Amino acid sequence: MIKEELRKTLLTKLASLSDEQIISLSFSLTQELILLFKHLPHLQSQIGAAYLPLRNEVAPVYQELLRSVPLILSYPVLREGKMAFGMAEGLPSGSPWLTPPYKVVEPGWCLVPGVSFSLNGGQRLGRGKGYYDRFFEGKTGTKIGLAWSGQLKENIPVESHDCHMDFIVTENFCWDVKQQKHIKGK
């Protein structure tokens, strides 16, 4: 299955989820994400990059996440046609781009939405615009893919410019791509 066919199939599948299902999946994903940050406490001292979800996109419940883990979050901004990250002055708003005012920052780690992910190798299929792929060029920060388990595929067609994840978090588990194992609670 080529990229466009897979993308279309999975976006249709996501669109079929009810608002209640998206909310439930997002709360469960948040609990797994809290587990990951407790397992990787060094990330808590770095500025992180989050995202402002699109409709029918599983995303962390940021209030719940920040209540459990002390994180500094930035959000996507569009600058001269390229994605960067900004820290909101006040409550973050917008979708998918942060609404001004904000201060542009360089995150040390990034929560990355995707249409699909592969656990073996951390391949990511995005929405086809390449914003995340271009942002990650030449960067070494930790990349954490977030998705509903129904978005995971064994094989995803990738190209040389496609970014790969270090961790993948779903509503059911945290996966360390390099170690090829689940991250479990203490």
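The values are calculated or read from the model by the stated rules, or taken from the named source; none is laboratory data. For clarity, every value in this text was computed on a predicted model and none was experimentally measured. All Cβ positions, even for glycine, are placed from backbone atoms using ideal geometry, and neighbour counts span all protein chains on display.
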Unmet criterion (only one of (1) closer than 17 Å to residue 57 by Cβ; (2) at pLDDT 80 or above; (3) surrounded by fewer than 17 Cβ atoms within 10 Å (Cβ to Cβ)) for residue 172: (1)
All positions within region 140-169 that are touching a helix residue (DSSP H, G or I) at 6+ places or on another chain (Cβ under 9 Å) and modelled with pLDDT under 80: 157, 158, 159, 161, 162
Which numbered condition residue 122 misses (of (1) on the phi > 0 side of the Ramachandran plot; (2) touching a Cys at 6+ places or on another chain (Cβ under 7 Å)): (2)
Qualifying positions in region 46-62 - under 20 Å from residue 107 (Cβ atoms) and either in contact with a His (Cβ under 7 Å, 6 or more places away or on another chain) or not hydrophobic (A, V, I, L, M, F, W, C) (or both): 46, 48, 51, 53, 57, 60, 62
Filter pass, residue 167 being under 26 Å from residue 39 (Cβ atoms), of a type in the set (A, V, I, L, M, F, W, C), surrounded by 22 or more Cβ atoms within 10 Å (Cβ to Cβ) and out of contact with any Asp or Glu (no Cβ under 8 Å at 6 or more places or on another chain): no
Test set (1) surrounded by fewer than 18 Cβ atoms within 10 Å (Cβ to Cβ); (2) of a type in the set (A, V, I, L, M); (3) touching a strand residue (DSSP E or B) at 6+ places or on another chain (Cβ under 8 Å) - residue 61 fails condition number: (3)
Strands (runs of 3 or more DSSP E) enclosed by region 98-173 - at least 1 residues per element that are over 22 Å from residue 13 (Cα atoms) and either aromatic (Phe, Trp, Tyr) or over 15 Å from the mean Cα position of the chain (by Cα) (or both): 102-105, 109-113, 167-169
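Just checking, which of 36, 43, 17, 6 is over 20 Å from residue 107 (Cβ atoms), out of contact with any Leu (no Cβ under 7 Å at 6 or more places or on another chain), surrounded by 15 or more Cβ atoms within 10 Å (Cβ to Cβ) and in contact (Cβ under 8 Å) with a residue 60 or more places away in the chain? Please lay out each step first, then the result.
Values: 36 fails: over 20 Å from residue 107 (Cβ atoms); 43 fails: over 20 Å from residue 107 (Cβ atoms); 6 fails: out of contact with any Leu (no Cβ under 7 Å at 6 or more places or on another chain).
None of the other options fit; the residue is 17.
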